[in-house]
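Take a look at the structure set out below.
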Amino acid sequence: MTYWTMTATGREHLKLAHGDVPVPGPREVLVKVGAAALNFRDRLAIDDGLTMVFPETGPFVPGSDMAGTVVAVGAAVERWQPGDRVISVSLPGWIDGSGPGDALLGGPEALGSGYFPGVFSEYVVLDQEWVVSAPANLTDAEASALPMAGLTAWTALVERGRLRAGQTVLVQGTGGVSLFGLQIAAAHGAKVIVTSGDDAKLARAAALGADHGINRNSRDWVQAVHELTAGHGADHILEIVGGAHLARSLEAAAVGGHVSLIGVLGGFEFAGKISDLARKKLTLHGIQVGHRRSLEELVRAVDQAGISPVIDTAYPHTELPEALDHMTRGPFGKVVLTFP
């Protein structure tokens, strides 16, 4: 089989390697990967070494999100059998609740961090608890987008935000998490506002169900949100930019609103007015993807509501560097790798 590996931080160290197909051990499954989705986290891990460690035994393989088919199972496997279609759980070991972690380091690490195996590989061995059933109605490329981007939006809006019909959801940009947020919100009967610096992308978002689009380069987007909601503000905001941009989201939020801090495009430090938090009685959620139970609920919702993840471009798995370049340019939806 072929797989992507690296021995040092930096995209220039990526190498397409060849090796034997692994054999699953007790409680493990061998999955033939059909597609793997790229996330901004993968780019940070590969380029900057974010939360990455290089294991002393075996190769480092990046990537956390995949869809594929179980082709073999080890001893004592009870959840799966050959032929089952599955998707990965990005944060292995987090089944439900607040999850593993501590006050010093926070929550769990992801697949493809070095702590756990990565999925940019034709075959991957995973613990039987680290996969869930794939949506029946999606292709592997579409299903591979759910584990991190889809679950992040679902956790923010449904699991943590308790989204209700008639509320207003603001999503920033048109990347994977934002478009999942748009589709999940629309499926729940919420109104959706999308911000972007590209009118063509706003038009495509409208075709997916967005009620309003705001070009952030043409007008003050916070003022526009206030006007579009008759002063009410947004009940839910997916804060994708992070950094100092969070302060603007606090301004745009409704009284009693939920602001989900997801992205770090604007940096790892954030700021905002305490008066906005206090007087509006806001809830600020720190979102780290989500647990397996929520991913299983998302899969059921995707099948029942007919949600189709937006795939910008699918690259052959041999073109990972080109796929990373595409991510840097800003896709509409997800960039994925497909495997033969």
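For segment 215-340, the Kirkwood estimate of the hydrodynamic radius, built from every pair of different alpha carbons, is 17.2 Å. Quick check: from the Cα gyration tensor, does segment 150-286 come out rounded (a/c under 1.5), prolate or oblate? Rounded. Look at Arg41, Arg79, Arg329 and count the other Cβ atoms within 10 Å of each Cβ; fewest to most, that gives Arg329, Arg79, Arg41.
What would the Debye formula give as log10 I(q)/I(0) at q = 0.23 Å⁻¹ for the alpha-carbon point model of segment 138-214, no solvent? Listed by q, the Debye log ratios stand at -1.03. Each other residue within a Cβ distance under 14 Å of Ala206 adds +1 if Lys or Arg and -1 if Asp or Glu, for a net charge of 0.
Springs join every pair of Cα atoms under 10 Å in this Gaussian network model of the chain, and among Glu251, Glu319, Glu269 the largest mean-square fluctuation is at Glu269. Label-to-label distance for Leu16 and Asp48 is 2.8 nm, based on points extended 7 Å past Cα in the beta-carbon direction. Counting every other Cβ atom within 10 Å of each residue's Cβ, Arg11, Arg292 order from fewest to most as Arg11, Arg292.
Phi angles across segment 264-276 convert, under the Karplus curve 6.51 cos²θ - 1.76 cosθ + 1.60 with θ = phi - 60°, into 3J(HN,Hα) values of 10, 4, x, x, 9, 9, 9, 8, x, 7, 4, 4, 5 Hz, Gly and Pro given as x. Net charge near Asp325, counting Lys/Arg +1 and Asp/Glu -1 over other residues with Cβ under 12 Å of its Cβ? Charge balance near Asp325 sits at 0.
Checked against a 30 Å cut-off, the cross-linked pairs Lys32/Lys201; Lys15/Lys334; Lys273/Lys334; Lys191/Lys334; Lys281/Lys334; Lys32/Lys191 give Cα-Cα distances beyond that limit for Lys32/Lys201; Lys273/Lys334; Lys281/Lys334; Lys32/Lys191. Here Rg/Rh (Cα atoms, Kirkwood Rh) was computed from the coordinates, and among (1) 1.23; (2) 0.97; (3) 1.01 the match is (2). Using alpha carbons only, how many degrees (0 to 90, rounded to 10) separate the axis of helix 292-305 from the longest principal axis of the chain? The angle comes out at about 70 degrees. Neighbour counts of other Cβ atoms within 10 Å put Trp94, Trp154 in the fewest-to-most order Trp94, Trp154. How tilted is helix 176-187 with respect to the longest principal axis of the chain? Cα atoms for both, answer in degrees (0 to 90, nearest 10). The answer is roughly 60 degrees. Taken one residue at a time, the phi angles of segment 309-323 give Karplus couplings (6.51, -1.76, 1.60, θ = phi - 60°) of x, 8, 9, 5, 8, 10, 9, x, 4, 6, 10, 4, x, 5, 5 Hz. Gly and Pro are set to x.
Report summary: the helix-based calculation at 222 nm, which adds -39500 (n - 2.57) for every DSSP H run with n ≥ 4 and divides by the residues of the chain, gives -6500 deg cm²/dmol.
FYI, it's all coordinate maths here, none of it is from the lab. Note that the structure is predicted; figures quoted are calculated from it, not measured. Reconstructed Cβ throughout: ideal geometry from the backbone, glycine too, with neighbour counts over all protein chains shown.
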